[in-house]
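A short write-up of the structure that comes next.
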Amino acid sequence: MRHNKKFNHLSRKANHRAALLSNMACSLIQHKRITTTLAKAKALRIYVEPILTRAKEDNMNNRRLAFSLLKQKEVVTELFQNVGEKLANRPGGYTRILRTGFRLGDAAEMAIIELVDYNENMLKETKKAAKKATRRAGKKAVKEEVAEVAAAEAPAAEEAKAE
């Protein structure tokens, strides 16, 4: 029976899958962004988010648990010194998956997975997008302006008729 085995096995044995996810997590922490298939990106997100949560608090136990999963001392140091500090006040959702299309060779769906706080371009765009008004409010504002202009012109038109 397959009770409670919902994660994607990625067509690999357990040891191969663990090594794959460990190496991908190390690459993600080092480079802050990697390109891979969509299925691997989704599996990596599930694997790396608990590690990033542990990185928010720098103590020996969290370092040992992160090292047991990542197996690279330099990456663990980078994780706790730089990445953990930047994610300290974020409650969750440390990664973002962006779909990029299909690979030419086998038409696999490709994606970019990145650490959210390290994409400066995306942070700038969200600030600009926050200033933009919605369409509905824009139509309402336009109707109010038209009504104000009509109200201002109405007395002038009545005066012209009275003369």
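Each residue in region 82-117 was checked for being in a helix (DSSP H, G or I) and either of a type in the set (A, V, I, L, M) or in contact with a strand residue (DSSP E or B) (Cβ under 6 Å, 6 or more places away or on another chain) (or both), and 2 pass.
Residues in region 77-105 that are of a type in the set (A, V, I, L, M, F, W, C) and under 22 Å from the mean Cα position of the chain (by Cα): L79, F80, V83, L87, A88, I97, L98, F102. Taking region 88-99 as the range and being more than 20 Å from A25 (Cβ to Cβ) and of a type in the set (V, I, T) as the test, no residue passes. Considered as a group, the residues in region 7-43 that are without any contact (Cβ under 8 Å) to a residue 12 or more places away in the chain and under 22 Å from R96 (Cβ atoms) include one that is surrounded by the most Cβ atoms within 10 Å (Cβ to Cβ), and that residue is S27. Taken as a whole, the structure leaves L87 outside the set of residues that are surrounded by 11 or more Cβ atoms within 10 Å (Cβ to Cβ), of a type outside the set (V, I, T) and within 27 Å of A14 (Cα to Cα).
Here the condition is being surrounded by 12 or more Cβ atoms within 10 Å (Cβ to Cβ) and modelled with pLDDT under 95; of Y94, Y118, it holds for Y118 alone. Touching a strand residue (DSSP E or B) at 6+ places or on another chain (Cβ under 6 Å), of a type outside the set (G, A, S) and closer than 28 Å to H9 by Cα: does that describe L79? In short, no.
The values are calculated or read from the model by the stated rules, or taken from the named source; none is laboratory data. Note that this is a predicted model, so its numbers are computed, not measured. Note that we place each Cβ from the backbone using ideal geometry, even for glycine, and neighbour counts take in every protein chain shown.
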